[in-house]
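Right, one structure below, let's go through it.
The values are calculated or read from the model by the stated rules, or taken from the named source; none is laboratory data. On a predicted model such as this, the values are computed, not experimentally measured, just so you know. Cβ placement follows ideal geometry from the backbone for every residue including glycine, while neighbour counts extend to all protein chains displayed. When the accessible area is computed, the model is the full protein with side chains, heavy atoms only, and any ligands, DNA or RNA have been set aside. Shrake-Rupley method; radii C 1.70, N 1.55, O 1.52, S 1.80 Å.
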Amino acid sequence: MLASQLLKPPLLFPVVAGVALLAYGSGLGIGFVSDDHYWLLSAVQGAWRHAFDLNPHTSALPFETLLHSLKYGLFGFNALGFHLFDLAGHVLACLLLFQVARAVGLSSAWAGAAAVLSAVAVAPSQAVYWTSADEHLWATVGALGALVMYIKFRSGHPLLLLGAALLAVAAALTKVEGIAALFGVLAYELTWRRPAPWTQKSAGLLMLRLMPFAAAAALFFGWELTAHDRLRSVSHLGLNMLGRAAEILQSIVWRFNAADIVHPPYGHRSLHWFAALAAAAVGFLLVVCIIAAFTRLSTLGLCLIWVGALLPALSLTDALQSRYTYLPTLITFVAVASGGATLWGWLRARRVPDTPRRLVATAAFITILAVSVAETAQASSDYRIAASEATAFSSAVLADHPVLAHDTTIFLIGRPLDIGSARWVFADPRLGAAVYNNVPKKIEYAPSVQALASQRPAQPFLIYEREQTGKYVERFLP
């Protein structure tokens with residue numbers, strides 16, 4: 001059938017690229033937001049020269065810094081270039097996932113289904129839409145690439161072990177997802193590869209093969225543990241990690257907030273009910289497939305990668321940041337495809353007619369894709385709004401005050417945009433040599449000018465309010 005052929009190479013490659021563009025294409029017009037200008041400023045100032053400095057250093061990993069400098073060198077201040085670069089990385093990650101799914105034991109069609117579903121994944125959209133979060137994406141590309149090279153090495157290509165080790169080191173020094181290469185190698189050797197009788201010699205050889213990947217993971221943890229960064233102060237090892245894992249899994253398979261059914265955010269109650277039912281059906285189907293996947297031993301290897309890549313993020317006690325779900329989402333969809341293959345075989349064994357079986361499977365697959373494409377495209381709206389609001393806000397302030405007084409505080413009436421986008425847009429290096437004078441000391445919110453007058457804020461400060469027309473206007477205390 002044509003449907004199954006579309007999920008196999010070579011047709012799979014344009015299909016993955018096409019659905020990824022369909023889902024994420026709406027984000028190509030997003031400008032720079034929040035920490036983007038911090039990284040741009042660092043790149044302009046040549047931060048890559050100090051990427052490997054050991055004392056002192058933050059939790060920004062060496063290849064993370066090099067990545068942002070590379071993007072600036074390639075695209076300058078062209079946000080579209082950054083987004084196309086990340087979209088290409090996302091497509092590459094999905095194609096590498098196809099190779100991993102094949103190693104798990106899935107057929108080309110089911111491995112292709114995992115790749116296509118991952119291409120429109122909603123949960124980790126922040127890693128694709130937001131240029132300051134794309135280090136998670138590229139660390140995932142490195143980890144999956146290292147794992148694929150290792151699998152090829154075990155298939156009879158001895159020189160690929162060196163390439164896999166080097167790629168694993170680069171991935172681990174990019175972001176936390178890079179350590180997944182170690183767990184992927186373990187999963188391949190213990191659950192995916194046809195097990196051989198264990199001997200002292202085979203165990204020793206396995207330890208030798210694991211050493212470069214363990215060293216890469218050790219480099220990541222060594223860097224993070226010696227960093228002066230606030231993330232260490234909000235990490236906690238304990239039962240909270242189970243709750244965080246459940247929260248992450250829910251964000252991947254069940255994204256609809258049931259409370260919105262009672263109070264639809266944008267009206268249209270009947271349409272909202274339909275969307276809720278569609279999201280619930282998709283979530284239920286994904287959960288069923290994941291449960292079915294545990295009938296296969298290979299799923300234990302997927303769990304090993306899923307947990308291993310999330311270890312540092314699971315320990316955090318602050319709000320969940322969706323960019324940390326990028327690699328776990330890809331692995332989850334391999335499990336979904338594995339469970340789907342299991343259910344398909346179960347129905348075939350019970351001699352369910354072929355035509356109805358194919359129609360139901362095709363309809364379910366298209367429904368999941370449609371819902372995911374719609375939700376992924378919607379996920380870009382917050383970034384588009386933040387980018388336009390930040391530009392309007394900074395333009396208004398700088399038009400009135402080309403150079404801010406030292407330690408200026410700006411009060412925003414209401415909450416028209418997030419603090420990060422409001423503050424860091426002033427650090428745009430194109431503002432000139434006096435860039436630091438154009439970065440406010442802090443930006444705070446106030447409910448009204450009258451409420452601010454009672455606080456008696458310390459000088460110097462500015463007050464800006466967003467009018468309904470979208471224009472930011474300076475206000476003064478009475």
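Some notes on this structure:
- Some residue of segment 56-78 being hydrophobic (A, V, I, L, M, F, W, C), closer than 20 Å to LEU369 by Cβ and not in a loop (DSSP other than H, G, I, E, B): no
- Enumeration of residues in segment 304-330 that are surrounded by fewer than 24 Cβ atoms within 10 Å (Cβ to Cβ), of a type in the set (S, T, N, Q) and either over 9 Å from the mean Cα position of the chain (by Cα) or assigned to a helix (DSSP H, G or I) (or both): SER315, THR317, SER322
- Per-region count, segment 231-247, residues more than 22 Å from the chain's Cα centre (by Cα), of a type in the set (A, V, I, L, M) and modelled with pLDDT under 75: 1
- Set ILE368, ILE410, ILE443: member being assigned to a helix (DSSP H, G or I) and of a type outside the set (D, E, K, R): ILE368
A quick yes/no check of all residues on (1) over 14 Å from TYR326 (Cα atoms); (2) open to solvent by less than 10 Å² (accessible area, probe 1.4 Å); (3) without any contact (Cβ under 8 Å) to a residue 24 or more places away in the chain:
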{"position": "GLY76", "(1), (2), (3)": "yes, no, yes"}
{"position": "LEU80", "(1), (2), (3)": "yes, no, no"}
{"position": "CYS94", "(1), (2), (3)": "no, yes, no"}
{"position": "GLN99", "(1), (2), (3)": "yes, no, no"}
{"position": "ALA111", "(1), (2), (3)": "yes, yes, no"}
{"position": "ALA133", "(1), (2), (3)": "no, yes, no"}
{"position": "HIS136", "(1), (2), (3)": "no, yes, no"}
{"position": "ALA146", "(1), (2), (3)": "yes, yes, no"}
{"position": "MET149", "(1), (2), (3)": "yes, no, yes"}
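- Of all residues assigned to segment 95-116, at least one qualifies as being in contact with a Cys (Cβ under 8 Å, 6 or more places away or on another chain), at pLDDT 95 or above and of a type outside the set (Phe, Trp, Tyr).
- Any chance LEU300 is open to solvent by 50 Å² or more (accessible area, probe 1.4 Å), farther than 19 Å from SER372 by Cβ, modelled with pLDDT of 85 or more and part of a helix (DSSP H, G or I): yes
- Just one of the listed residues (SER388, SER394, SER381) is of a type in the set (Gly, Ala, Ser), closer than 20 Å to VAL33 by Cβ and open to solvent by 40 Å² or more (accessible area, probe 1.4 Å), namely SER388.
- Scanning segment 156-199 for residues that are of a type in the set (Val, Ile, Thr) and either open to solvent by 40 Å² or more (accessible area, probe 1.4 Å) or in contact with a Phe, Trp or Tyr (Cβ under 6 Å, 6 or more places away or on another chain) (or both) gives VAL169, THR174, ILE179, VAL185, THR199.
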